[in-house]
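A short worksheet on the structure shown next.
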Amino acid sequence: MEANSIAIDGPSGAGKSTLAKMLARHLGIIYVDTGALYRTVGLRALERGADAKDAAQVTALLEEISIEMRHDAYGGQRVILNGEDVTDKIRSPTASVYASDVSAHPAVRSFLLDMQRSMAKKYDVVMDGRDIGTVIMPDAGVKLFLTASPEVRAQRRFAELCERGVETTYESVLRDINYRDDNDRARASAPLRKPEGAIEVDTSEIGLEASFEQLRDIISERLKVKNDRT
Ligand code: DC
């Protein structure tokens, strides 16, 4: 299925999940948010009082974790942790930082690998994350790398959190974004980087609709060229 699937990578707050959802709806395929899986492991670490940076503590937690993803036809995804729907809980700023910390451990990455690969094998998907084009779907039909300046990403995330009623400040959101950028890029296991063959789109100066149109056109062009060749 990978040949018709879309891999979207990039740093936090570049607009990946919103745009991926819009693209999945447009293409009539499933959207898979892989960050939600790391967030779920991060949430477990947080709730159990574990040190998210400690590989042994986090690895031990994996034995008591069962994660299920549920997808609807409209680009929605729910995440179930040991029978509890944690879709909303995993969005807190603290869970974001825990997600980034736990994602550096190879045991966590391999624990979540099968779920992601089996989705990519079974269905045409739009999947977003940090290692989708490099590790999970290296043969994706189209690979995109979305970026934006840290300030713009922090501004967008701040607005989103305010809208959800989360109490925070722009400065603290920017600090978290910079922390996660460094963490996600510097880790040894599947670090964030632009995948080979990926098209980079910087969304700093363009709004959501224009970004969507640009990506939609890149995808249809790329898939057409690929299908014409085969
Ligand atoms: O996309 P997100 O912000 O919800 O992801 C949360 C964290 O999970 C992110 O800081 C790094 C990690 N992550 C990852 O390591 N690999 C992925 N494919 C997706 C997310």
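The values are calculated or read from the model by the stated rules, or taken from the named source; none is laboratory data. Given the structure is predicted, the values throughout are model-derived calculations rather than measurements. Cβ placement follows ideal geometry from the backbone for every residue including glycine, while neighbour counts extend to all protein chains displayed. Each accessible area value is taken on the protein alone, full model and side chains, heavy atoms only, with ligands, DNA and RNA left out. Shrake-Rupley method; radii C 1.70, N 1.55, O 1.52, S 1.80 Å.
Descriptive notes on the structure:
- Taking every protein chain into account, the accessible area of the chain amounts to 48 square angstrom per residue (probe 1.4 Å).
- The length gained by stretching the chain between D228 and N4 to full extension, at 0.36 nm per residue less their Cα-Cα distance, is 79.3 nm.
- Atom-type composition of the exposed protein surface of the chain places 49 percent of the accessible area on carbon and sulfur (1.4 angstrom probe).
- Within the straight-line cut-off of under 26 Å between alpha carbons, the lysines reachable from K121 are K16, K21, K143, K194, K224, K226, sequence neighbours fewer than 8 places apart in one chain being disregarded.
- Relative packing of peptides 116-129, 184-197 - highest average C-beta neighbours within 10 Å first: 116-129, 184-197
- Distance between modelled label sites at R164 and A107, nm, 7 Å Cα→Cβ extension: 2.8
- When the alpha carbon gyration tensor of the stretch 1-56 is reduced to an equivalent ellipsoid, its three semi-axes come out at 30, 12, 10 angstrom, largest first.
- Residue separation of R70 and I206 scaled by 0.36 nm, minus their Cα-Cα distance, works out to 45.8 nm of gained length.
- Nearest-20 debye value, the stretch 174-230 charge dipole, Cβ charges on Lys, Arg, Asp, Glu: 360
- Globularity index of the chain, i.e. its alpha-carbon radius of gyration over 2.2 N^0.38 Å: 0.97
- If you wrap the stretch 114-208 in the convex hull of its Cα atoms and look at it from every side, the mean projected area works out to 7.5 nm².
- Using a cutoff of 8 angstrom between alpha carbon atoms and counting only pairs six or more residues apart, the relative contact order for the chain works out to 32 percent.
- Mean ellipticity per residue at 222 nm, deg cm²/dmol - from DSSP H runs of n ≥ 4 across the chain, formula -39500 (n - 2.57): -16000 deg cm²/dmol
- Rounded to the nearest 20 debye, the dipole size of the chain about its Cα centre is 400 debye, using +1 on the Cβ of Lys and Arg and -1 on the Cβ of Asp and Glu.
- For the stretch 86-97, the Karplus equation 6.51 cos²θ - 1.76 cosθ + 1.60, evaluated at θ = phi - 60°, returns couplings of 10, 3, 7, 4, 6, 8, 5, x, 5, 4, 5, 5 Hz by residue, with Gly and Pro reported as x.
- C-alpha center-to-center spacing [the stretch 26-95, the stretch 188-203] in angstrom: 23
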